[in-house]
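Worksheet: one structure, shown below.
We did not get these values from a lab; they are worked out from the coordinates using the rules stated. What you see is a predicted model, and the numbers here were worked out from it, not measured in a lab. Counting neighbours? That spans all protein chains shown, and the Cβs are built from the backbone with ideal geometry, glycine included.
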Amino acid sequence: MSTLPEIIIRPGEQHRTLSGHPWIYKGAIQKITAPVADGEVVHVKDAKGRGLGIGFYNSKSRIAIRVLASEPVEINQAFFEQRIMAANELRRRRMPEATSYRVVNAESDFLSGLIVDKYEDVLVLQTSSLGMDQRKHEIVAVLQSIFSPRAIVERNDIGTRKFEGLPEANGPIAGEQPVPFPIKLNGLEFVVDVQGGHKTGLYLDQQENYEFIGKLAKGGNVLDCFSFLGGFSLHCARGGATHVHGLDQSETAVASAVSNAEKNGLGELCSFEQANVFDWLKNRTQKGPNDKLIPPYDLIILDPPSFTRSRESVPNALRGYKEIHVRAMKLLKPGGTLATFCCSHHVDMVTFREVILSAAYDTKTVLRQVAIYNQSPDHPIIPMIAETEYLKGFAFEKVG
């Protein structure tokens, strides 16, 4: 391979890279030894000249270097084929029955800036770094070779691309134009819109948790807050719930959830309502001085979108999490179960649990912890890369 431009990082900055984290921030750079084009592969060295790895460089980004390998290798089509095949083999081992799953999860699979989701025979591609975006042609060729999909769709309509100096883009880049189509999750059918849905179509990271929570619903009256396409709702209905009521602010999501319930023969067990969850919970927990609130639900599911995208907004997010937990506990029957999730990596599991317990204290509720959840195995967690661990959840039984 040809000689790569070298970038020297400041003394003391090498430890993060040596531990396996792929991001090197602009402020960590001490010297660039030769002109480097944005998106080019560079050789990273420490202040003593020892090699730390190779990665993509981008002067426009706060993350100036995204390390791809600890040793110099050619970043070509063969490199992407090896990495993507290894990532897919991991999924086949961990989720052998799944036909829709995340194939590549960026940093989790040592391909920082690349996400690939598989929805049956359609693939969805996101490139959030300049280096990856410049190599879409090679990546698409590899995906076609491995999966033979009927379509590959680009979902690069994400705000983070602007930090890399990249425009937004959305549409098919190989194969046919996909219209909304059915996929299977745990044997249930969901219709996904890979060009217009949340994320790349739906929340694949909850795939295992859908089944876990569904098993808690038998014989119970269930409230599913932030229900989206009905993932938890349908699994609870199939799991034996007497009734499931889903809430979501999106009219489109509610219509899709209703349709999905009907397609799976679960329409009579499920109802869905367009509502602001905060307002809905508040209205049903308000009572007069002489009124007694009788909790109606055996299982309440809280799966909100992220309340924070930055560390600065964490205090406000925690107030939001506490409010919905206070309201939910008032609506949960004694002996009932609260299943609750947080999808922000800025709120760690310990902090999230403390918020739940604070809400329990305020409502004079005693909780028994019965389960801990995290993201499905197609979203692997690399402990030294904190950003890869973002989804956390608990199930608590209301003792009193």
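What does the C-alpha gyration tensor say about the overall shape of segment 246-297? Classify as rounded when a/c is under 1.5, otherwise prolate if a/b is larger than b/c, or oblate.
Values: a/c = 5.78, a/b = 2.00, b/c = 2.89.
Oblate.
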Residue 242 versus residue 345: modelled label distance in nm, points set 7 Å from Cα along the beta carbon direction: 4.3
If r is the Cβ-Cβ distance from residue 293 to residue 25 and R0 is 60 Å, what FRET efficiency results, to the nearest 0.05? 0.75
Quick one: Cα centre-to-centre distance for segment 156-170 and segment 228-253, in angstrom? 32
Cβ-defined net charge surrounding residue 153, 13 Å radius [Lys, Arg +1; Asp, Glu -1]: -2
Quick check for you: which residues of segment 80-116 have the amide N under 18 Å from the point 7 Å beyond the Cα of residue 150 toward its beta carbon? 99-101
Give me the distance in nm between label points sitting 7 Å out from Cα along the Cα-to-Cβ direction at residue 163 and residue 32, one decimal. 1.9
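Give me 394, 272 sorted ascending by neighbouring Cβ count inside 10 Å, so fewest comes first.
Values: 394 19, 272 24.
Result, fewest neighbours first: 394, 272.
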Spin-label pair residue 357/residue 74, simplified geometry with 7 Å Cα→Cβ offset, distance in nm: 5.6
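What dipole magnitude, in Debye to the nearest 20, does segment 155-211 give about its Cα centre under +1 on Lys/Arg Cβ and -1 on Asp/Glu Cβ? Could you put the intermediate results ahead of the total?
Numbers: 5 positive and 9 negative charges, 37 e Å.
Charge dipole of segment 155-211: 180 debye, to the nearest 20.
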Hand me the trypsin sites (Lys or Arg not before Pro) from segment 21-72 located in a DSSP loop with no more than 14 other Cβ atoms within 10 Å, in residue order please. 48, 50, 60, 62
Over the Cα atoms of segment 100-258 the radius of gyration and the largest Cα-Cα distance (Dmax), both in Å, equal 17.1, 53
Hey, for a label at residue 176 modelled as a point 7 Å past Cα toward Cβ, could you say which residues of segment 130-157 have their backbone N under 11 Å away? 150-151
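What FRET efficiency comes out for the pair residue 82/residue 314, r = Cβ-Cβ distance, R0 = 41 Å, nearest 0.05?
Values: r = 38 Å, r/R0 = 0.94.
Between residue 82 and residue 314 the formula returns 0.60.
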Residue-wise, which Karplus ³J(HN,Hα) couplings in Hz belong to segment 333-340, taking 6.51 cos²θ - 1.76 cosθ + 1.60, θ = phi - 60°, and x for glycine or proline? 5, x, x, x, 10, 9, 10, 9
Based on the alpha-carbon gyration tensor of segment 6-69 and its eigenvalue square roots a ≥ b ≥ c, which shape applies: rounded if a/c is under 1.5, prolate if not and a/b is larger than b/c, or oblate? rounded
Tell me which label goes with the value of Rg/Rh (Cα atoms, Kirkwood Rh) computed from the coordinates here: [x] 0.97; [y] 1.02; [z] 0.99. [y]
